[in-house]
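Chemist: One structure follows; several queries about it will come next.
Computed from the coordinates by the stated procedures, all read-outs in this text should not be read as laboratory data. A quick note: this is a predicted structure, and the numbers were derived from the prediction, not measured. All Cβ positions, even for glycine, are placed from backbone atoms using ideal geometry, and neighbour counts span all protein chains on display.
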Amino acid sequence: MMKMHVGVNVTELEKSIEFYTKVFNAEPVKIKPGYAKFLLNDPELNFTLNLKDEVLGNQVGHFGFQVENQDEVFQHKGRLEKLGFFAREEMDVTCCYATQDKFWVTDPDGNEWEFFYSKGDIENMKTESTYVYKRLGYFEV
């Protein structure tokens, strides 16, 4: 069995631990100076935070969780909004050659996390609107 590993560079370890504890709904299994590790079972993921003096640019487009149905999208959105997160909702959008319902949250260093449900495949890649990443979030152009 394999477990995916993702390591994210962060500038504020404590804020990032707080963010990811809430998003993953799980506590880190290890916290050391400049480092935190989450071992998740659902989804199976080894996720680490690595403290850096500076994080330049966004080396990753975004991260995400694909869920089984629209109800799960709303369950996660409601849970995170109750914890104080702003969730940007996109319902019935065309993305990645599929029709999806989704929402987004952003970590303290500007990394976007998408929770989405794919309703079906289609022949188009994007919606009529295109979102362009800026340091403070996505802006419609």
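Chemist: Hey, with R₀ at 25 Å, roughly what FRET efficiency would R79 and D53 work out to, going by the Cβ-Cβ distance, to 0.05?
Modeler: With R0 = 25 Å, the Cβ-Cβ based efficiency is 0.15.
Chemist: Just to be sure I understand the model, the point goes 7 Å from the Cα along the line to the Cβ. What's the resulting E18 to N69 distance in nm?
Modeler: Going from the E18 label point to the N69 one covers 3.6 nm.
Chemist: Sticking with this structure for a sec: If the viscosity is 1.567 mPa s and the temperature 4 °C, what translational diffusion coefficient in µm²/s does Stokes-Einstein give for region 1-52 when Rh comes from Kirkwood over Cα pairs?
Modeler: Roughly 118 µm²/s, to the nearest whole number.
Chemist: Using r as the Cβ-Cβ distance of L39 and D121, and R0 as 35 Å, what FRET efficiency do you calculate, to the nearest 0.05?
Modeler: Taking R0 as 35 Å, the efficiency between L39 and D121 is 0.60.
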